[in-house]
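Encoded as structure tokens, the structure appears first; notes follow it.
No lab work stands behind these numbers, since they all come straight from the coordinates. This one's a predicted model, so the numbers in the text were calculated from it and none came from an experiment. When we count neighbours, we look across all protein chains shown, and the Cβ atoms used for this are built from the backbone with ideal geometry, even at glycine.
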Amino acid sequence: MTPSTIELVPTVEDRRIARHAAAAIVLTVAEAAIPLPLPGVKPGLANIVTLIVLARWGWREAVWVALLRVVAGSLLLGQFLAPGFFLSFSGAVASLVTLGFAMHLPRRWFGPVSLSIFAAFAHIGAQLVVARLWLVPHDGVFYLTPVFAAAAVLFGVVNGLIAARLLRDRPAA
Amino acid sequence: MKRKLADWLPLVKPGDWLVIAAGLALCGVAAATLWRGGAPDKAVVRAGGEVFGEYGLNAPLRVEVPGPLGTTLIEIEPGRARVAADPGPRQYCVRQGWLTQAGSVAICAPNQVSLSLTGRGGQYDSLNY
């Protein structure tokens with residue numbers, strides 16, 4: 001084998017991002033095995049990882065982890081560049097932008113639960129907009145908005161609680 | 001179980017409760033606005049008992065319907081329709097104004113013209129004033 005002439009030296013940060021992204025990808029794949037009543041209603045367990053990375057290592061790393069997860073997760077599930085991928089991608093981008101603003105809320109009053117709910121709403125909002133503009137050009141897509149919103153609250157609270165608990169009980173790795 | 005719940009509760013901060021409440025309120029508002037039902041999707045015009053025409057409520061449109069007394073003018077706008085003019089003596093159907101609910105009807109009996117809105121999830125067959 002010819003030795004590579006390009007030497008890529010991963011930094012500590014790179015390794016950390018890779019480790020967290022791997023955890024998020026595992027959650028994404030595991031979650032895909034759960035049967036769900038409606039397309040679009042998903043627990044979004046991988047966002048727990050995003051929330052933890054955001055709280056510990058900041059927004060930039062959270063963006064890396066979330067986007068790596070969307071791309072690699074879709075490759076593993078055979079969804080890459082399929083409509084589902086663009087829905088996940090737009091949802092992830094929207095929730096990252098929202099988190100970028102929401103993370104500056106006073107931590108004394110707003111914990112991971114708030115961030116999780118905000119992210120969940122941004123996720124579902126962006127997906128509905130993309131679906132309306134591109135996949136289903138009819139206002140009928142919005143008919144299930146209340147269901148999606150309820151799911152966003154429920155799973156937002158659950159994911160936020162798990163993230164908060166892990167942040168409290170586990171030391172930074 | 002109780003001990004476990006007590007373990008989780010401190011993780012929810014005061015602001016979090018507000019956000020949860022706001023999220024639930026948003027669900028309620030969304031359900032109330034999107035699931036109110038009764039939004040019409042079509043206007044059916046009848047003349048002399050026969051269906052004269054069916055029109056989607058998407059684009060503005062004016063329909064002239066001939067009857068025994070003269071011409072009844074039906075006006076359609078996105079989401080609503082009305083009888084704009086009628087040769088009948090008492091003008092009941094004109095004074096009914098815009099119809100916006102599925103199932104509502106304006107009848108111009110003297111000229112034998114009626115306008116009704118149809119749609120999925122109409123809450124009643126007709127409205128009387």
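For the structure I just gave you, tell me whether A:Ala131 is under 16 Å from the mean Cα position of the chain (by Cα), of a type outside the set (Asp, Glu) and in a helix (DSSP H, G or I).
No: the conditions fail for A:Ala131.
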### Message
Exactly one of these conditions fails for B:Trp8: (1) among the hydrophobic types (A, V, I, L, M, F, W, C); (2) surrounded by 15 or more Cβ atoms within 10 Å (Cβ to Cβ); (3) in contact with a helix residue (DSSP H, G or I) (Cβ under 7 Å, 6 or more places away or on another chain). Give me its number.
### Response
(2)
### Task
Please work out which one of (1) over 17 Å from the mean Cα position of the chain (by Cα); (2) part of a helix (DSSP H, G or I) is the condition A:Ile124 fails and give its number.
(1)
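If I filter region A:110-128 for residues that are surrounded by fewer than 19 Cβ atoms within 10 Å (Cβ to Cβ) and out of contact with any Phe, Trp or Tyr (no Cβ under 8 Å at 6 or more places or on another chain), do I get at least one hit?
The answer is no, given that none of the residues of region A:110-128 is surrounded by fewer than 19 Cβ atoms within 10 Å (Cβ to Cβ) and out of contact with any Phe, Trp or Tyr (no Cβ under 8 Å at 6 or more places or on another chain).
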## Note on the structure
The condition from (1) within 9 Å of chain A (Cβ to nearest Cβ); (2) surrounded by 12 or more Cβ atoms within 10 Å (Cβ to Cβ) that B:Ala32 misses is numbered (2)
### Query
Which of the residues that make up region A:139-160 are of a type outside the set (A, V, I, L, M), more than 9 Å from chain B (Cβ to nearest Cβ) and touching a residue at least 24 places away in the same chain (Cβ under 8 Å)?
A:Phe155, A:Asn159
### Query
Looking at (1) away from every other protein chain (no Cβ under 14 Å); (2) of a type in the set (Lys, Arg); (3) surrounded by fewer than 19 Cβ atoms within 10 Å (Cβ to Cβ), which is the one condition that is false for A:Arg69?
(3)
### Query
Just checking, how many residues over region B:35-57 are within 14 Å of chain A (Cβ to nearest Cβ) and without any contact (Cβ under 8 Å) to a residue 40 or more places away in the chain?
3
### Query
What pairs can you find where one residue is in region A:1-28 and more than 24 Å from A:Asn159 (Cα to Cα), the other is crowded, with 16+ Cβ neighbours inside 10 Å and acidic (Asp, Glu), and their Cβ atoms are less than 8 Å apart, with a gap of 6+ or different chains?
A:Glu13/A:Glu61
### Task
Considering only region A:92-118, state which residues are touching a residue at least 24 places away in the same chain (Cβ under 8 Å), closer than 19 Å to A:Ile52 by Cβ, more than 8 Å from chain B (Cβ to nearest Cβ) and not β-branched (Val, Ile, Thr).
A:Ala92, A:Ser95, A:Leu96, A:Leu99, A:Gly100, A:Met103, A:Leu115, A:Ser116
